[in-house]
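Asker: Following this message is one structure expressed as structure tokens.
The values are calculated or read from the model by the stated rules, or taken from the named source; none is laboratory data. Predicted model, so just to flag it, every value in this text is computed and none were measured. Cβ sites come from the backbone with ideal geometry, for glycine too, and all protein chains shown count toward neighbours. Keep in mind that these areas ignore ligands, DNA and RNA; they rest on the heavy atoms of the full protein, side chains included. Shrake-Rupley method; radii C 1.70, N 1.55, O 1.52, S 1.80 Å.
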Amino acid sequence: MTDGPTYGFDTLQIHAGARPDPATGARQTPIHQTTAYVFRDADHAAALFNLQEVGFIYSRLTNPTVAVLQERIATLEGGVGGVCCSSGHAAQIMALFPLMGPGLNIVASSRLYGGTITQFSQTIKRFGWECTFVDFDDLDAVKAAIDDNTRAVFCEAIANPGGYITDLDAISAISDDAGIPLIVDNTSATPYLCRPIEHGATLVVHSTTKYLTGNGTVTGGCVVDSGKFDWSANDKFPSLSQPEPAYHGLKFHETFGPLAFTFHGIAIGLRDLGMTMNPQAAHYTLMGTETLSLRMERHVENAEKVAAWLEKDPRVDYVTYAGLKSSPYHDRVKKICPKGAGGLFTVAVKGGYDACVKLVNALEIFSHVANLGDTRSLIIHSASTTHRQLTVDQQRAAGAAPEVVRISIGTEDANDLIADLDQALSKASS
Ligand SMILES: *Cc1c(COP(=O)(O)O)cnc(C)c1O
């Protein structure tokens, strides 16, 4: 699509980044299953390798199918550029890589996807990076955790596993004051429900594995840059503001302006870390994005019905869905994700750990899987699975206490979901 009128979300989710194939007229985006691209001549090749001209060299860096998806997600998020990666976890590393170095740290919310807590508390230490986890509802604690070596603040818009809503405006005010970027994982909300850049986020990361693809077929990730951060305002981000030895001393921020982070992500990040999305995955995710708004509306509608039913059930202790009036996050929904609080929440089952395990075993429509954001309804007992590596205190801080199950509501008939939960709760409490 060319620059023109500002189209609505439903139009952009189908058209952004794509146009009929100029060679064949193919209306759907072809899967460019190729590793390399023929240079026009030696000068063309040299210009591409010098980053003087933008084009396709090798599919570890760029691929036309993946490029369509990058532009589509960046457009839906209101960013200037996107870099797709092999998974959501790869996207997180790709987002942090240009900012970090040994001895530097990030400040992250204690409420995150379980795998992210493990990545940030354990694995990044191998790079010499540190992470301080804090409760992002305690703004003074967030401020206090930031020091001279902090290079980013990280949170989820709709946070795992409870579906809590983060006050992105308040958090971005803090990261702005500190002169560091706010990175928001927008996987659970999707740009249909929340646009973190409008609330001050610098970078948005996605696990496209989830709602963006929507059908549980491929893993993928994406880093979207708002293009709004001044990487040269202080000396904290030399990878973006200082000469890059691998490109004859080119300075990314000076040369590419608002696209500095995106170019760095491709030219350095994908080139040297190789966490590339393959064109087949991009194809499946492009298919998914076409129906994103339709699915998210149904996810929200179903989640509201199921959460309301569960909350009234005597076999249930509490439900964390932010779309419920009883939720302390209810008012924040209007501000941060006005189209609804998503499809993710936790349920505390009377009977604790054992009842949770029985419930998971007894459900028929809900699948017991370590995934979310599928058209299918999914359930997981986080304490015995995704959050198993954490201590009970960490599990509670993350909202994954032993007595709760996390539910990802699908797009099935809500009455069928309620009936399934009803029969399984009976077995769990007997
Ligand atoms: C799944 C998920 C991730 C990790 O993504 P992968 O594609 O599984 O690597 C990160 N953040 C959130 C919120 C997720 O749901």
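Asker: Scanning for something in contact with a Pro (Cβ under 9 Å, 6 or more places away or on another chain) and not hydroxyl-bearing (Ser, Thr, Tyr), does the stretch 295-303 turn up at least one residue?
Answerer: Scanning the stretch 295-303, I find no residue that is in contact with a Pro (Cβ under 9 Å, 6 or more places away or on another chain) and not hydroxyl-bearing (Ser, Thr, Tyr), so the answer is no.
Asker: Given the condition under 29 Å from LEU12 (Cα atoms) and touching a strand residue (DSSP E or B) at 6+ places or on another chain (Cβ under 8 Å), answer yes or no: does some residue in the stretch 122-134 qualify?
Answerer: No: zero hits.
Asker: Could you pull out every one of the helices (runs of 4 or more DSSP H) wholly within the stretch 217-301 that has 1 or more residues that are outside the structural domain of GLY323 (by TED's automatic domain parsing) and under 18 Å from the mean Cα position of the chain (by Cα)?
Answerer: Here the list reads 260-264, 279-289.
Asker: While we're on this one: Determine, yes or no, whether HIS253 is on the phi > 0 side of the Ramachandran plot and surrounded by fewer than 23 Cβ atoms within 10 Å (Cβ to Cβ).
Answerer: no
Asker: Can you name the residue in the stretch 184-210 that is within 12 Å of the chain's Cα centre (by Cα) and charged (D, E, K, R) and, of all such residues, is farthest from PRO258 (Cα to Cα)?
Answerer: That would be LYS210.
Asker: Moving on to the next point. Could you list, in sequence order, all residues of the stretch 351-384 that are within 13 Å of the ligand (Cβ to nearest atom) and hydroxyl-bearing (Ser, Thr, Tyr)?
Answerer: SER382
Asker: So is ALA383 more than 26 Å from THR213 (Cα to Cα), at pLDDT 95 or above and in the same structural domain as GLU301 (by TED's automatic domain parsing) or not?
Answerer: In short, no.
Asker: If you don't mind, another one. Test of understanding: among THR150, THR187, which residue is within 11 Å of the ligand (Cβ to nearest atom) and either of a type in the set (Ser, Thr, Tyr) or open to solvent by 30 Å² or more (accessible area, probe 1.4 Å) (or both)?
Answerer: Being within 11 Å of the ligand (Cβ to nearest atom) and either of a type in the set (Ser, Thr, Tyr) or open to solvent by 30 Å² or more (accessible area, probe 1.4 Å) (or both) holds for just one of THR150, THR187, which is THR187.
Asker: One residue is enough: does the stretch 160-182 have a residue meeting the conditions modelled with pLDDT of 95 or more, within 20 Å of GLY265 (Cα to Cα) and within 12 Å of the ligand (Cβ to nearest atom)?
Answerer: No; the residues of the stretch 160-182 include none that is modelled with pLDDT of 95 or more, within 20 Å of GLY265 (Cα to Cα) and within 12 Å of the ligand (Cβ to nearest atom).
Asker: For the stretch 307-321, check the following and say yes or no: at least one residue is surrounded by 24 or more Cβ atoms within 10 Å (Cβ to Cβ), modelled with pLDDT of 95 or more and in a strand (DSSP E or B).
Answerer: yes
Asker: Would you check which residues across the stretch 8-23 are open to solvent by 60 Å² or more (accessible area, probe 1.4 Å), over 16 Å from MET287 (Cα atoms) and modelled with pLDDT of 95 or more and list them?
Answerer: none
Quick grid of which residues meet (1) farther than 30 Å from SER367 by Cα; (2) out of contact with any Leu (no Cβ under 7 Å at 6 or more places or on another chain); (3) more than 16 Å from the ligand (Cβ to nearest atom):
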{"residue": "HIS206", "(1), (2), (3)": "no, no, no"}
{"residue": "ASN215", "(1), (2), (3)": "no, yes, no"}
{"residue": "TRP231", "(1), (2), (3)": "yes, no, yes"}
{"residue": "LYS236", "(1), (2), (3)": "yes, yes, yes"}
{"residue": "LYS251", "(1), (2), (3)": "yes, yes, yes"}
{"residue": "GLU254", "(1), (2), (3)": "yes, yes, yes"}
{"residue": "PHE261", "(1), (2), (3)": "yes, no, yes"}
